[in-house]
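Structure record follows, encoded as structure tokens.
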């Protein structure tokens, strides 16, 4: 599955770019939320998610919450109507509380881990997740280069999920293009967050179609 990151779309023509991707067969978008503390950058707020779901009610809104103030930020995006929310393992001392919170509010649950975080850290939570987001770059900015060490981390995560007898999707985010999508897919990823490659290289439809050829 291709999940375009709107962080790299044209903010002055965001609806146009989203529509172009939907017309190319996209049914889920990745919305990066950055609070300026957990990562040194700022992005969107809950109003954008509300507008997204109002304008595209049949399209999935996947929130990647890069914030370590979950008590304030996480409920805001649940209330905004997101379909799936991924918070960072590194952002809280009590991941189980927030996984239960999401379940109680009928929001699909994801957990993200940074490149520096051992993959084994997510093992205790696998049974309570709908997907795992393995960052393939340091979070905070788009357009970074895919970190090669991510491949062995993907294999480790895939094997860990298999050992738990779970069928849990693995998502990758950072430096994904045709080549790294294929590399990630072969290592175990099934959901691919793509930003610059889709929105910064001419025709959105053409770029999505190129990626779909690799995502088989």
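The values are calculated or read from the model by the stated rules, or taken from the named source; none is laboratory data. All of these numbers come straight from a predicted model, not from anything done at the bench. In this analysis, Cβ positions are derived from the backbone assuming ideal geometry, glycine residues included, and neighbour counts consider all displayed protein chains.
Only one of (1) under 18 Å from the mean Cα position of the chain (by Cα); (2) farther than 23 Å from residue 3 by Cα fails for residue 94. Which number is that?
(1)
Which one of these is on the phi > 0 side of the Ramachandran plot and touching a helix residue (DSSP H, G or I) at 6+ places or on another chain (Cβ under 6 Å): 188, 202?
After applying the criteria, what remains is 188.
Residues checked against (1) closer than 23 Å to residue 106 by Cα; (2) within 16 Å of the chain's Cα centre (by Cα); (3) surrounded by 15 or more Cβ atoms within 10 Å (Cβ to Cβ); (4) without any contact (Cβ under 8 Å) to a residue 24 or more places away in the chain:
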{"position": "3", "(1), (2), (3), (4)": "yes, yes, yes, no"}
{"position": "29", "(1), (2), (3), (4)": "yes, yes, yes, no"}
{"position": "41", "(1), (2), (3), (4)": "no, no, yes, no"}
{"position": "46", "(1), (2), (3), (4)": "yes, no, yes, no"}
{"position": "49", "(1), (2), (3), (4)": "yes, yes, yes, no"}
{"position": "55", "(1), (2), (3), (4)": "yes, no, no, no"}
{"position": "59", "(1), (2), (3), (4)": "yes, yes, yes, no"}
{"position": "66", "(1), (2), (3), (4)": "yes, yes, yes, no"}
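For residue 150, only one of the following conditions fails: (1) surrounded by 15 or more Cβ atoms within 10 Å (Cβ to Cβ); (2) in contact (Cβ under 8 Å) with a residue 60 or more places away in the chain. What is its number?
Condition (2) is where residue 150 drops out.
I need a count of the residues in the stretch 175-216 that are closer than 25 Å to residue 124 by Cα and not in a helix (DSSP H, G or I).
The number of residues fulfilling the criteria is 6.
Provide a single number: the residues in the stretch 92-131 that are in a helix (DSSP H, G or I) and in contact with a strand residue (DSSP E or B) (Cβ under 8 Å, 6 or more places away or on another chain).
Of the residues in that region, 11 qualify.
Counting only residues that are under 16 Å from residue 138 (Cβ atoms) and touching a strand residue (DSSP E or B) at 6+ places or on another chain (Cβ under 6 Å), which one in the stretch 33-64 is modelled with the highest pLDDT?
The selected residue is 64.
Are there any pairs, at least 6 apart or on different chains, whose C-beta atoms fall under 6 Å, with the first in the stretch 153-179 and on the phi > 0 side of the Ramachandran plot and surrounded by 22 or more Cβ atoms within 10 Å (Cβ to Cβ) and the second modelled with pLDDT of 95 or more and in a strand (DSSP E or B), and if so, which?
Cβ pairs passing all conditions: 174/135.
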